[in-house]
Amino acid sequence: MLQDKEITVNELLGYIRSGQKNFCRIEVLDIGEVKGEVCDDIVFKECGMAVDFSGSSFRNAKFIDCNIKTCSFKNTDLTNAEFIGNGVCSVEFYNAQIEGILFQNNYWHGFELTQEDIMRMVREEFYVE
């Protein structure tokens with residue numbers, strides 16, 4: 001498990017490519033891209049990042065109590081993923097595969113979002129509350 005570190009987006013990409021699956025209290029310091037990567041079964045707990053994950057696979061992944069504001073999950077595979085207790089302001093989910101997703105206690109500008117909201121976010125290119 002990688003925990004309690006500040007890393008760059010390139011370091012994050014390196015950890016993902018090396019097979020690291022558990023991240024706890026990781027802060028990604030810069031904005032960047034991790035596109036088209038296989039991130040299945042990855043767990044982010046209490047992490048902060050603004051990363052473009054477009055086209056990646058996050059099957060069975062978990063995002064728990066993270067600040068993922070401005071991340072992009074456009075065209076990603078989120079099958080059976082869990083998003084619980086995250087800040088999701090300006091997160092893009094357009095055209096993501098969300099079969100079996102668990103989406104609970106996530107917040108958009110102070111409003112709690114529901115399972116129905118994630119379904120709408122997938123259908124709409126820009127989600128504005």
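Here, each number is a calculation from the coordinates, and none is a lab measurement. Everything quoted here is computed from the prediction, not taken from an experiment. Reconstructed Cβ throughout: ideal geometry from the backbone, glycine too, with neighbour counts over all protein chains shown.
Remarks
- Size descriptors for the stretch 2-122 (Cα atoms only): Rg and Dmax, in that order, 12.8, 37 Å.
- Of the peptides 27-39, 72-84, the ranking by mean beta-carbon count within 10 Å, highest at the top, reads 72-84, 27-39.
- Options LEU78, LEU13, PHE103, ranked by Cα towards positive dipole end of the chain, top entry (Cβ charges): LEU13
- Calculated FRET efficiency for the pair ASP65/SER18, C-beta based, R₀ 22 Å, to 0.05: 0.35
- The alpha-carbon of LYS21 sits under 16 angstrom from the alpha-carbons of these aspartates and glutamates, leaving out residues fewer than 8 places away in its chain: ASP4, GLU11, GLU37, ASP40, ASP41, GLU46, GLU82.
- Estimated [θ] at 222 nm from DSSP helical runs (n ≥ 4, -39500 (n - 2.57)) normalised by residues in the chain, nearest 500: -4000 deg cm²/dmol
- Around the amide H of ASN105, modelled in the peptide plane, lie the amide H atoms of GLY85, all under 5 Å away and 5 or more residues distant in sequence or on another chain.
- Bridge orientation summary for the stretch 2-122: considering DSSP beta bridges with both residues in this region, about 10 percent are antiparallel.
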